[in-house]
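No lab work stands behind these numbers, since they all come straight from the coordinates. The model shown is predicted, which means the values in this text are computed figures rather than measured ones. For neighbour counting, all protein chains shown are included, and Cβ atoms are generated from backbone atoms with ideal geometry for every residue, glycine included.
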């Protein structure tokens, strides 16, 4: 009898589970337990993934920001070094296929890049400004005064003085030159050197002068604005060859001037002009 009752109970349980009238909430409740556990597992995985993502992003940002900071610090350091560079510099001169580095050479970069050519001008006298052209009181338009200050031996400054392109003479090109105001400000100059041009050795300057001034601008045309520093040999008495520099000429000066005037009062031989590729100023 007991056996039959157990069988019936078991049968009833089966029927209950298979019955179409079973309460769905019972099934949801029974199946909800594993579903609830899986939900928390997925949530933990998402939190872990998010944390890993944040760490990766932080590492990437550090790898980007650290080099930028280092570069900026290096730039700042370089800028401070440049700012502290003295006005007496080491320059590189172009000589066709080779270069020459000059110690103690003063940069002749002019304020507003203005280098004024002059003619009919003597040491201590007022400046007579020269213009571009091929007749008296002019210089060739493509051989301007600025070419004498560009550190390039392949360019030149050609000035006719009282003559013109097709007239030769003993005085042609004499009492000519240029003046400028140094862009980097007052600087001591106590030596100079002249470099020849590419042709016509008879045009080489042999006697030159240099003056300094504390003044700038238009008043520089007045002779009283200038203080004599040197007058004498250019160093080109013996021809060094074409596009070559003569020996450095030294003189005494311990005063800083912001403007300088260079003049030519002697040349090698009869010609229609005076020419030179470079005027170099030095501080020693």
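Couple of notes before you dig in:
- Criterion (surrounded by 22 or more Cβ atoms within 10 Å (Cβ to Cβ) and in contact with a strand residue (DSSP E or B) (Cβ under 6 Å, 6 or more places away or on another chain)) met by exactly one of 159, 107: 159
- When restricted to residues that are touching a residue at least 24 places away in the same chain (Cβ under 8 Å), part of a loop (DSSP other than H, G, I, E, B) and exposed (fewer than 15 other Cβ atoms within 10 Å of the Cβ), segment 126-138 contains 1.
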